[in-house]
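One structure is given here, and the rest of the page talks about it.
What follows is calculated from the coordinates using simple rules that are stated; it is not laboratory data. Source: prediction; values computed, not measured. Reconstructed Cβ throughout: ideal geometry from the backbone, glycine too, with neighbour counts over all protein chains shown.
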Amino acid sequence: MTRLLLTPVTILVLVTFVFVIVRVMPGDPLQAILGGRSIPPEVLARDRALLGLDKPLYVQYLNYLWGILHGNFGVSLITTQSVTKDILQKFPATLELAIFATLVAGLIGLGSGVMAARRVDRFADHAIRFFNIGTFATPIFWLGLMMQLVFGVWLHWFPVTGRLNILNLITFKADITGLYTVDGLVKGNWPIFIDALRHLVLPSLTLGLILSGFMGRVSRINLMEALDQDYTRTARSKGLPERTVVYKHALRNALIPIMTVLGLQFAILLGGAVLTESVFNWPGLGKYLLDEIQVRDYAPIQGTVIFIALFISTVSFLIDLMYSLVDPRVKY
C-alpha cells in the first residue's frame, strides 16, 4: 500500500526533473529540428507561440501537468502527431524485444546459477562465474555489432536489422497486439511468425546475454544460501534425491529475490534497450527516445520517460503481489 501511495509522488518528481533538464539544455529545439538553417526571427517567434514555448516555464509546466492528468503527453514537433499515439505505436516493438530478452536472461542466468551453486568451488563453478562476469561487463553495443558480424554478415543465419523483411512489413498488419510473433500465431500466418522470430534472435540474444550475467550471480548466491539452511539438511537426512532437494525445496525459497531481479530487469528493459535498438535499428521506444533527444523534441522525451516510469512502477507492484504465490509466508 505504501508503495502504491508513493508512486504518484515519484512520478511527479520525475516529471519535474525531466521537464527542467530538457529546457536547460543548450540550443534551440526549433533550430535543431530545422537542421540549424537560418530562419527569420518572426517565423521562430510565431512557431514558439503556436507550441507554447514563449510562455514562462512555470506556465508551461502547469499546462503540461494538466495535459498528463488528462492522458495528453503533448504533440511531437517532428511528426506533429500526438506523443501518446507515437508511444503506443513504438511500445509493442520494445515489449516484444523485452519479453524475449527476459526469457533468454532467465533461462541462461537461472540455469547457470543453479549449475554453479550445485558445484561450488569446482571447475564448473569457476567457469560459470567467469562467463557471467564477462557477459555482464561486455559493452552491449560491441556485443550487438559482433552478433551482426558473425551471425548476420559471415554466416547469413539471421537478419541484422528491423522486425520483418520489407515485403512482409508492407503486407502484414499487426493489428491485434502489435507483437508480430503473437499476431502471426493468432492469424495462423507461419511465415510471418518465423520471420519475426528470426529478426528477434540477435537483438534479444544480445540484450539477454548481458542481463544473464547478473541474473546468474544472483541465482547462485541465493541458491547457495538456501542449500545451507536447516530445511535442506533435513530433506537430505530423509534420503531425498539431491535433485528433489535442490529444485523442490531450495530453489522455491531462493526464487523471491530472483523474481525481483528478473521482474525489474524486464521493466527496465523498456528504457534500457536504447543501445540495442539503435544497433539493430529496432523501431521501439528506446530508439524513439534517442532520436527525439538528438533533436530536443520536448514532448516525446518527457512522455516516453514518464511512460517507462509508470510501467516500471506497475511491474514492481505486481512482483510484490506475486511474492505470496512463491512464499506463503508473505501476505498482503
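Per the Cauchy relation, a quarter of the hull surface: what is the mean projected area of the convex hull of the alpha carbons in region 155-310, in nm²? Walk me through the numbers on the way to the answer.
On the way: hull surface 53.8 nm².
Averaging across all directions leaves 13.4 nm² for the Cα convex hull.
Charged side chains reduced to their Cβ positions (Lys and Arg at +1, Asp and Glu at -1) give region 125-242 a dipole of some 60 debye around its Cα centre.
Per DSSP helix of 4 or more residues, -39500 (n - 2.57); summed, then divided by the residues of the chain. What does that give at 222 nm, rounded to the nearest 500? Kindly include the intermediate steps, with their values, before the conclusion.
Working: 15 runs with 237 residues, N = 332.
Mean residue ellipticity at 222 nm (helix-derived): -23500 deg cm²/dmol.
Projecting the alpha carbon convex hull of the chain along each direction and taking the average yields 22.1 nm². Counting every other Cβ atom within 10 Å of each residue's Cβ, Lys90, Lys85, Lys238 order from fewest to most as Lys238, Lys85, Lys90. With neighbours defined as other Cβ atoms within 10 Å of a residue's Cβ, the residues Leu290, Leu207 order from fewest to most as Leu290, Leu207. The charge dipole of the chain, taken about its Cα centre with unit charges on the Cβ of Lys, Arg, Asp and Glu (plus for the first two, minus for the last two), comes to roughly 900 debye. For the chain, modelled as a GNM whose springs connect Cα atoms under 10 angstrom apart, the maximal fluctuation among Ala137, Ala273, Ala254 occurs at Ala137. With the highest mean first, a sort of the peptides 104-115, 71-82 on other beta-carbon atoms found within 10 angstrom per residue produces 104-115, 71-82.
Can you put Leu149, Leu262 in order, fewest other beta carbons within 10 Å first?
Values: Leu149 12, Leu262 20.
Lowest to highest Cβ neighbour count: Leu149, Leu262.
What does the extension gain come out to for Phe141 and Ser278, with contour length at 0.36 nm per residue minus their alpha carbon separation? Present the calculation step by step, with values, prior to reporting the outcome.
Values: separation 137, 0.36 × 137 = 49.32 nm, distance 0.87 nm.
Contour length minus Cα-Cα distance gives 48.5 nm.
On a per residue basis, the convex hull of the C-alpha atoms belonging to region 74-188 measures out at 186 Å³. Lys-Lys pairs in the chain that are eight or more residues apart or on separate chains and whose Cα atoms lie under 21 Å of each other come to 6.
Summary of packing: across the peptides 158-165, 15-22, the per-residue average of other C-beta atoms within 10 Å ranks them, highest first, as 158-165, 15-22.
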